[in-house]
Amino acid sequence: MSIALLLSAVVNMLLGFNKSFVVFLVLWTLNGWFQSIGSAPSVVSLSHWFGRSELGTRYGLWSASHSIGEAITFAGTTVLVSLLGWRWGFIGPGFLCVIASLVLLRTLADRPQTYGLPSISKYKGEPELHSQTSIGKHQMEVIKNPGVWLLALASGCMYIARYGIGNWGPLYLQLGKGYSATIAGSMLAVYPITEIVGSVTSGYISDRFFRASRNIPASLYAVFVIISLLALYFVPPGNKLLDITALALFGFSLGGILVFLGGLMAVDIVSRKAVGAAMGLVGLFSYLVAAIQDTVSGYLIDSSKTVINGTTVYSFKLVFTVWIGAMILSTMLTASIWIFGFNNPNRRRRKDTIAEKVQEQVIVADMQ
(Lines give C-alpha, C1' and ligand atoms only; values in the text may rest on other atoms or scores of the structure.)
Protein backbone atom coordinates (compact mmCIF):
# COMPACT_ATOMS: atom_id res chain seq x y z
CA MET A 1 0.00 0.00 0.00
CA SER A 2 2.79 2.44 0.88
CA ILE A 3 4.74 1.51 -2.27
CA ALA A 4 1.65 2.09 -4.43
CA LEU A 5 1.14 5.51 -2.84
CA LEU A 6 4.81 6.38 -3.43
CA LEU A 7 4.51 5.34 -7.09
CA SER A 8 1.38 7.47 -7.45
CA ALA A 9 3.27 10.41 -5.95
CA VAL A 10 6.13 9.99 -8.44
CA VAL A 11 3.69 9.74 -11.36
CA ASN A 12 1.93 12.92 -10.23
CA MET A 13 5.20 14.83 -10.14
CA LEU A 14 6.08 13.52 -13.61
CA LEU A 15 2.70 14.74 -14.85
CA GLY A 16 3.65 18.21 -13.69
CA PHE A 17 6.75 18.21 -15.90
CA ASN A 18 5.17 16.60 -18.95
CA LYS A 19 3.95 18.26 -22.17
CA SER A 20 3.20 15.24 -24.38
CA PHE A 21 -0.41 14.04 -24.60
CA VAL A 22 0.60 10.41 -25.19
CA VAL A 23 2.91 10.42 -22.17
CA PHE A 24 0.20 12.17 -20.16
CA LEU A 25 -2.29 9.42 -21.07
CA VAL A 26 0.12 6.67 -20.02
CA LEU A 27 0.97 8.40 -16.74
CA TRP A 28 -2.70 9.12 -16.05
CA THR A 29 -3.52 5.43 -16.51
CA LEU A 30 -0.70 4.37 -14.20
CA ASN A 31 -1.82 6.91 -11.62
CA GLY A 32 -5.32 5.45 -11.58
CA TRP A 33 -3.93 1.94 -11.21
CA PHE A 34 -1.62 2.84 -8.32
CA GLN A 35 -4.36 4.77 -6.53
CA SER A 36 -6.80 1.87 -6.83
CA ILE A 37 -4.47 -0.25 -4.69
CA GLY A 38 -5.27 1.80 -1.58
CA SER A 39 -8.87 0.73 -0.97
CA ALA A 40 -8.74 -3.04 -0.50
CA PRO A 41 -5.62 -3.10 1.74
CA SER A 42 -7.23 -0.48 3.97
CA VAL A 43 -10.30 -2.65 4.49
CA VAL A 44 -8.14 -5.75 4.98
CA SER A 45 -6.25 -3.94 7.74
CA LEU A 46 -9.47 -2.74 9.39
CA SER A 47 -10.99 -6.23 9.33
CA HIS A 48 -7.90 -7.73 10.99
CA TRP A 49 -7.83 -5.26 13.89
CA PHE A 50 -11.52 -4.65 14.68
CA GLY A 51 -14.29 -7.13 15.48
CA ARG A 52 -17.57 -7.30 13.62
CA SER A 53 -19.47 -5.41 16.33
CA GLU A 54 -17.19 -2.37 15.94
CA LEU A 55 -16.08 -2.66 12.32
CA GLY A 56 -18.96 -0.53 11.01
CA THR A 57 -17.92 2.48 13.09
CA ARG A 58 -14.27 2.24 11.97
CA TYR A 59 -15.24 1.57 8.37
CA GLY A 60 -17.48 4.66 8.34
CA LEU A 61 -14.63 6.84 9.62
CA TRP A 62 -12.28 5.41 6.98
CA SER A 63 -14.86 5.84 4.21
CA ALA A 64 -15.10 9.56 4.96
CA SER A 65 -11.47 9.93 3.88
CA HIS A 66 -12.55 10.02 0.22
CA SER A 67 -14.72 13.08 0.75
CA ILE A 68 -12.21 14.76 3.09
CA GLY A 69 -9.37 14.26 0.62
CA GLU A 70 -11.50 15.52 -2.23
CA ALA A 71 -12.43 18.67 -0.32
CA ILE A 72 -8.79 19.37 0.63
CA THR A 73 -7.73 18.75 -2.97
CA PHE A 74 -10.24 21.21 -4.38
CA ALA A 75 -9.12 23.95 -2.01
CA GLY A 76 -5.38 23.22 -1.98
CA THR A 77 -4.98 22.64 -5.71
CA THR A 78 -6.82 25.85 -6.51
CA VAL A 79 -4.43 27.85 -4.34
CA LEU A 80 -1.32 26.14 -5.76
CA VAL A 81 -2.39 26.59 -9.38
CA SER A 82 -3.38 30.23 -8.88
CA LEU A 83 -0.04 31.06 -7.21
CA LEU A 84 2.47 28.82 -8.99
CA GLY A 85 0.81 27.58 -12.20
CA TRP A 86 -0.95 24.41 -13.34
CA ARG A 87 2.11 22.17 -12.97
CA TRP A 88 2.00 22.55 -9.19
CA GLY A 89 -1.50 21.10 -9.23
CA PHE A 90 0.33 17.79 -9.76
CA ILE A 91 3.72 18.45 -8.15
CA GLY A 92 2.33 19.73 -4.82
CA PRO A 93 0.10 16.72 -4.10
CA GLY A 94 2.97 14.51 -5.29
CA PHE A 95 5.27 15.85 -2.56
CA LEU A 96 2.56 15.40 0.08
CA CYS A 97 1.99 11.80 -1.01
CA VAL A 98 5.71 11.03 -0.77
CA ILE A 99 5.61 12.11 2.88
CA ALA A 100 2.36 10.20 3.48
CA SER A 101 3.78 7.01 1.95
CA LEU A 102 6.83 7.12 4.24
CA VAL A 103 4.62 7.68 7.29
CA LEU A 104 2.36 4.84 6.17
CA LEU A 105 5.32 2.49 5.72
CA ARG A 106 6.33 3.01 9.36
CA THR A 107 2.92 3.15 11.02
CA LEU A 108 0.49 0.77 9.27
CA ALA A 109 0.41 -2.45 11.29
CA ASP A 110 0.48 -5.95 9.83
CA ARG A 111 -1.90 -8.71 10.95
CA PRO A 112 -2.07 -9.19 14.75
CA GLN A 113 -0.65 -12.72 14.41
CA THR A 114 2.66 -11.35 13.08
CA TYR A 115 3.18 -9.67 16.47
CA GLY A 116 2.38 -12.80 18.43
CA LEU A 117 -1.18 -11.67 19.12
CA PRO A 118 -4.34 -13.74 18.62
CA SER A 119 -6.60 -13.04 15.66
CA ILE A 120 -9.33 -10.46 16.24
CA SER A 121 -11.97 -13.22 16.06
CA LYS A 122 -10.34 -15.15 18.89
CA TYR A 123 -9.74 -11.97 20.89
CA LYS A 124 -13.38 -10.89 20.55
CA GLY A 125 -14.78 -14.41 20.88
CA GLU A 126 -16.28 -14.33 17.39
CA PRO A 127 -16.50 -17.44 15.16
CA GLU A 128 -14.08 -17.51 12.25
CA LEU A 129 -15.00 -18.40 8.68
CA HIS A 130 -12.99 -21.38 7.35
CA SER A 131 -10.09 -20.67 9.70
CA GLN A 132 -8.04 -23.60 8.34
CA THR A 133 -8.70 -22.91 4.66
CA SER A 134 -6.13 -21.40 2.29
CA ILE A 135 -6.44 -17.79 1.15
CA GLY A 136 -6.84 -18.91 -2.47
CA LYS A 137 -9.86 -21.03 -1.57
CA HIS A 138 -11.37 -18.13 0.38
CA GLN A 139 -11.03 -15.90 -2.68
CA MET A 140 -12.71 -18.51 -4.90
CA GLU A 141 -15.57 -18.68 -2.41
CA VAL A 142 -16.01 -14.93 -2.76
CA ILE A 143 -16.56 -15.40 -6.50
CA LYS A 144 -19.07 -18.19 -5.79
CA ASN A 145 -20.94 -16.17 -3.16
CA PRO A 146 -24.25 -14.88 -4.63
CA GLY A 147 -24.51 -12.27 -1.87
CA VAL A 148 -21.29 -10.59 -2.98
CA TRP A 149 -22.49 -10.50 -6.60
CA LEU A 150 -25.80 -8.96 -5.56
CA LEU A 151 -23.92 -6.34 -3.54
CA ALA A 152 -21.68 -5.62 -6.53
CA LEU A 153 -24.72 -5.07 -8.76
CA ALA A 154 -26.46 -2.96 -6.10
CA SER A 155 -23.33 -0.83 -5.69
CA GLY A 156 -23.01 -0.43 -9.46
CA CYS A 157 -26.59 0.85 -9.69
CA MET A 158 -25.94 3.22 -6.79
CA TYR A 159 -22.86 4.58 -8.56
CA ILE A 160 -25.06 5.59 -11.50
CA ALA A 161 -26.85 8.06 -9.25
CA ARG A 162 -23.67 9.05 -7.42
CA TYR A 163 -21.70 10.03 -10.49
CA GLY A 164 -24.81 11.21 -12.29
CA ILE A 165 -25.18 14.06 -9.82
CA GLY A 166 -21.44 14.42 -9.26
CA ASN A 167 -20.60 14.81 -12.95
CA TRP A 168 -23.78 16.27 -14.42
CA GLY A 169 -25.10 18.18 -11.39
CA PRO A 170 -23.43 21.49 -12.35
CA LEU A 171 -24.97 21.32 -15.83
CA TYR A 172 -28.40 20.46 -14.44
CA LEU A 173 -28.40 23.31 -11.92
CA GLN A 174 -27.46 25.77 -14.65
CA LEU A 175 -29.61 24.58 -17.56
CA GLY A 176 -32.43 22.93 -15.63
CA LYS A 177 -32.70 25.25 -12.64
CA GLY A 178 -31.37 28.51 -14.08
CA TYR A 179 -28.54 29.13 -11.61
CA SER A 180 -25.27 30.77 -12.61
CA ALA A 181 -22.11 28.66 -12.76
CA THR A 182 -20.80 30.24 -9.56
CA ILE A 183 -23.99 29.65 -7.59
CA ALA A 184 -24.32 26.11 -8.95
CA GLY A 185 -20.78 25.32 -7.83
CA SER A 186 -21.33 26.72 -4.36
CA MET A 187 -24.59 24.77 -4.00
CA LEU A 188 -22.95 21.52 -5.04
CA ALA A 189 -20.28 22.05 -2.38
CA VAL A 190 -22.98 21.24 0.19
CA TYR A 191 -23.37 17.58 -0.63
CA PRO A 192 -19.73 16.46 -0.16
CA ILE A 193 -19.85 18.02 3.31
CA THR A 194 -23.01 16.17 4.31
CA GLU A 195 -21.58 13.07 2.62
CA ILE A 196 -18.79 13.09 5.21
CA VAL A 197 -21.37 13.24 7.98
CA GLY A 198 -23.33 10.39 6.42
CA SER A 199 -20.24 8.22 6.06
CA VAL A 200 -19.02 8.77 9.63
CA THR A 201 -22.41 8.22 11.27
CA SER A 202 -23.73 5.32 9.19
CA GLY A 203 -21.33 2.68 10.48
CA TYR A 204 -21.81 3.82 14.06
CA ILE A 205 -25.60 3.75 13.69
CA SER A 206 -25.53 0.17 12.38
CA ASP A 207 -23.17 -0.93 15.17
CA ARG A 208 -24.95 0.91 17.97
CA PHE A 209 -28.64 0.59 17.11
CA PHE A 210 -28.85 -2.42 14.78
CA ARG A 211 -26.31 -4.76 16.45
CA ALA A 212 -23.94 -4.64 13.46
CA SER A 213 -26.76 -5.56 11.05
CA ARG A 214 -26.43 -3.41 7.94
CA ASN A 215 -29.58 -4.27 5.97
CA ILE A 216 -32.20 -2.03 7.57
CA PRO A 217 -30.00 1.11 7.72
CA ALA A 218 -28.72 0.43 4.19
CA SER A 219 -32.28 0.25 2.88
CA LEU A 220 -33.22 3.42 4.74
CA TYR A 221 -30.26 5.37 3.36
CA ALA A 222 -31.10 4.12 -0.16
CA VAL A 223 -34.70 5.31 0.17
CA PHE A 224 -33.47 8.75 1.24
CA VAL A 225 -31.24 8.90 -1.86
CA ILE A 226 -34.33 8.25 -4.01
CA ILE A 227 -36.32 10.93 -2.15
CA SER A 228 -33.53 13.49 -2.61
CA LEU A 229 -33.31 12.77 -6.36
CA LEU A 230 -37.07 13.15 -6.73
CA ALA A 231 -36.90 16.45 -4.84
CA LEU A 232 -34.05 17.74 -7.02
CA TYR A 233 -36.09 17.06 -10.14
CA PHE A 234 -39.60 18.09 -9.07
CA VAL A 235 -38.80 21.20 -6.99
CA PRO A 236 -39.58 24.13 -9.33
CA PRO A 237 -36.72 26.45 -10.40
CA GLY A 238 -36.07 29.40 -8.13
CA ASN A 239 -36.41 27.53 -4.82
CA LYS A 240 -32.77 27.73 -3.83
CA LEU A 241 -33.24 26.69 -0.20
CA LEU A 242 -35.21 23.58 -1.19
CA ASP A 243 -32.59 22.65 -3.78
CA ILE A 244 -29.80 23.01 -1.23
CA THR A 245 -31.80 20.90 1.23
CA ALA A 246 -32.26 18.19 -1.41
CA LEU A 247 -28.52 18.25 -2.19
CA ALA A 248 -27.70 18.04 1.53
CA LEU A 249 -30.02 15.05 1.93
CA PHE A 250 -28.51 13.45 -1.17
CA GLY A 251 -24.99 13.84 0.20
CA PHE A 252 -25.86 12.54 3.66
CA SER A 253 -27.76 9.48 2.44
CA LEU A 254 -25.19 8.80 -0.30
CA GLY A 255 -22.39 8.84 2.26
CA GLY A 256 -24.23 6.21 4.27
CA ILE A 257 -25.09 3.92 1.38
CA LEU A 258 -21.50 4.16 0.12
CA VAL A 259 -20.32 2.68 3.41
CA PHE A 260 -22.78 -0.20 3.26
CA LEU A 261 -22.79 -1.09 -0.44
CA GLY A 262 -19.27 0.11 -1.15
CA GLY A 263 -17.77 -2.71 0.89
CA LEU A 264 -18.92 -3.05 4.50
CA MET A 265 -21.79 -5.46 3.78
CA ALA A 266 -19.51 -7.58 1.57
CA VAL A 267 -16.84 -7.64 4.28
CA ASP A 268 -19.44 -8.88 6.78
CA ILE A 269 -20.35 -11.99 4.78
CA VAL A 270 -16.90 -13.26 3.74
CA SER A 271 -13.85 -14.55 5.56
CA ARG A 272 -11.36 -11.98 6.82
CA LYS A 273 -8.82 -13.71 4.61
CA ALA A 274 -10.81 -12.68 1.51
CA VAL A 275 -12.11 -9.19 2.28
CA GLY A 276 -9.68 -7.75 -0.28
CA ALA A 277 -11.16 -9.95 -3.01
CA ALA A 278 -14.70 -8.94 -2.00
CA MET A 279 -13.78 -5.26 -2.08
CA GLY A 280 -12.11 -5.71 -5.45
CA LEU A 281 -15.18 -7.36 -6.99
CA VAL A 282 -17.57 -4.71 -5.66
CA GLY A 283 -15.23 -1.89 -6.72
CA LEU A 284 -14.78 -3.36 -10.21
CA PHE A 285 -18.51 -3.42 -10.88
CA SER A 286 -19.04 0.01 -9.33
CA TYR A 287 -16.51 1.83 -11.47
CA LEU A 288 -17.33 -0.05 -14.67
CA VAL A 289 -20.97 0.97 -14.33
CA ALA A 290 -19.93 4.52 -13.39
CA ALA A 291 -17.90 4.78 -16.59
CA ILE A 292 -20.84 3.55 -18.69
CA GLN A 293 -23.15 5.96 -16.85
CA ASP A 294 -21.15 8.99 -17.95
CA THR A 295 -21.56 8.14 -21.64
CA VAL A 296 -25.22 7.15 -21.33
CA SER A 297 -26.15 10.24 -19.29
CA GLY A 298 -24.39 12.52 -21.76
CA TYR A 299 -26.23 10.90 -24.66
CA LEU A 300 -29.63 11.18 -22.94
CA ILE A 301 -29.10 14.85 -22.08
CA ASP A 302 -27.92 15.69 -25.57
CA SER A 303 -30.71 13.76 -27.30
CA SER A 304 -33.38 15.46 -25.15
CA LYS A 305 -32.53 19.02 -26.14
CA THR A 306 -34.83 21.08 -28.35
CA VAL A 307 -34.47 24.44 -30.06
CA ILE A 308 -37.24 26.96 -29.30
CA ASN A 309 -37.06 30.37 -31.01
CA GLY A 310 -33.35 29.91 -31.61
CA THR A 311 -32.67 28.96 -27.98
CA THR A 312 -31.53 25.47 -27.01
CA VAL A 313 -33.66 24.03 -24.20
CA TYR A 314 -32.51 20.92 -22.33
CA SER A 315 -34.80 18.34 -20.74
CA PHE A 316 -33.43 16.23 -17.90
CA LYS A 317 -36.48 13.98 -17.59
CA LEU A 318 -34.92 10.93 -19.24
CA VAL A 319 -31.61 11.10 -17.39
CA PHE A 320 -33.30 11.56 -14.00
CA THR A 321 -35.53 8.61 -14.81
CA VAL A 322 -32.39 6.52 -15.32
CA TRP A 323 -30.74 7.80 -12.13
CA ILE A 324 -33.84 7.27 -9.98
CA GLY A 325 -34.59 3.91 -11.62
CA ALA A 326 -31.04 2.77 -10.92
CA MET A 327 -31.39 3.67 -7.25
CA ILE A 328 -34.74 1.84 -7.02
CA LEU A 329 -33.08 -1.24 -8.53
CA SER A 330 -30.17 -0.85 -6.11
CA THR A 331 -32.60 -0.74 -3.19
CA MET A 332 -34.38 -3.86 -4.43
CA LEU A 333 -31.09 -5.74 -4.85
CA THR A 334 -30.03 -4.72 -1.34
CA ALA A 335 -33.37 -5.92 0.04
CA SER A 336 -33.01 -9.24 -1.83
CA ILE A 337 -29.78 -9.91 0.06
CA TRP A 338 -31.75 -9.50 3.25
CA ILE A 339 -34.78 -11.50 2.05
CA PHE A 340 -32.80 -14.49 0.80
CA GLY A 341 -30.51 -14.55 3.82
CA PHE A 342 -27.24 -13.98 1.98
CA ASN A 343 -26.37 -11.36 4.57
CA ASN A 344 -26.46 -13.75 7.50
CA PRO A 345 -22.86 -14.51 8.42
CA ASN A 346 -23.91 -16.22 11.64
CA ARG A 347 -25.64 -19.01 9.75
CA ARG A 348 -22.56 -19.59 7.61
CA ARG A 349 -20.27 -19.34 10.60
CA ARG A 350 -22.26 -21.97 12.52
CA LYS A 351 -22.07 -24.27 9.53
CA ASP A 352 -18.36 -23.63 9.09
CA THR A 353 -17.67 -24.15 12.80
CA ILE A 354 -19.44 -27.51 12.72
CA ALA A 355 -17.43 -28.53 9.64
CA GLU A 356 -14.19 -27.51 11.33
CA LYS A 357 -15.04 -29.49 14.48
CA VAL A 358 -15.81 -32.56 12.40
CA GLN A 359 -12.50 -32.13 10.57
CA GLU A 360 -10.65 -31.78 13.88
CA GLN A 361 -12.30 -34.97 15.21
CA VAL A 362 -11.27 -36.86 12.07
CA ILE A 363 -7.68 -35.66 12.48
CA VAL A 364 -7.65 -36.70 16.16
CA ALA A 365 -9.09 -40.11 15.26
CA ASP A 366 -6.42 -40.61 12.61
CA MET A 367 -3.71 -39.69 15.09
CA GLN A 368 -5.09 -42.15 17.62
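Where helices (runs of 4 or more DSSP H) fall entirely within the stretch 228-334, those with at least 2 residues that are of a type in the set (D, E, K, R) are at 240-259, 275-303.
Every residue, every condition in (1) surrounded by fewer than 19 Cβ atoms within 10 Å (Cβ to Cβ); (2) touching a Pro at 6+ places or on another chain (Cβ under 9 Å), yes or no:
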| residue | (1), (2) |
| --- | --- |
| 18 | yes, no |
| 26 | yes, no |
| 31 | no, no |
| 39 | no, no |
| 42 | no, no |
| 49 | yes, yes |
| 92 | no, no |
| 95 | yes, no |
| 108 | yes, yes |
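List the number of the failed condition for residue 297; all other conditions in (1) over 25 Å from the mean Cα position of the chain (by Cα); (2) at pLDDT 90 or above hold. Every condition holds for residue 297 apart from (1). The criterion of being touching a residue at least 40 places away in the same chain (Cβ under 8 Å) and part of a helix (DSSP H, G or I) holds for residue 47.
Beta carbons closer than 8 Å, at least 6 apart along the sequence or on distinct chains, pair a first residue in the stretch 106-125 that is under 18 Å from residue 1 (Cα atoms) with a second that is in a helix (DSSP H, G or I) and of a type in the set (Ser, Thr, Tyr) for 108/2; 108/45; 109/45; 109/115; 112/123. Within the stretch 61-78, residues that are outside the structural domain of residue 162 (by TED's automatic domain parsing) sit with their Cβ atoms under 6 Å from residues that are modelled with pLDDT of 80 or more and among the hydrophobic types (A, V, I, L, M, F, W, C), at 6+ positions apart or across chains, in these pairs: 61/200; 63/259; 64/196; 64/200; 67/196. Checking 243, 207 one by one, the residue that is over 23 Å from residue 289 (Cα atoms), surrounded by 16 or more Cβ atoms within 10 Å (Cβ to Cβ), of a type in the set (D, E, K, R) and under 24 Å from the mean Cα position of the chain (by Cα) is 207 and no other.
Considered as a group, the residues in the stretch 204-228 that are among the basic types (Lys, Arg) and more than 14 Å from residue 337 (Cβ to Cβ) include one that is modelled with the highest pLDDT, and that residue is 208.
Rundown of residues vs (1) more than 21 Å from residue 236 (Cα to Cα); (2) surrounded by fewer than 19 Cβ atoms within 10 Å (Cβ to Cβ); (3) of a type outside the set (Asp, Glu), yes/no style:
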position: 151; (1), (2), (3): yes, no, yes
position: 164; (1), (2), (3): no, no, yes
position: 179; (1), (2), (3): no, no, yes
position: 185; (1), (2), (3): no, yes, yes
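Within the bounds of the stretch 229-240, is there any residue that is within 18 Å of the chain's Cα centre (by Cα) and touching a residue at least 24 places away in the same chain (Cβ under 8 Å)? Within the stretch 229-240, none of the residues are within 18 Å of the chain's Cα centre (by Cα) and touching a residue at least 24 places away in the same chain (Cβ under 8 Å).
The values are calculated or read from the model by the stated rules, or taken from the named source; none is laboratory data. Just so we're clear, the structure is a prediction, and the values are computed from it rather than from any experiment. So basically every Cβ, Gly included, is an ideal-geometry build from the backbone, and we count neighbours across all protein chains shown.
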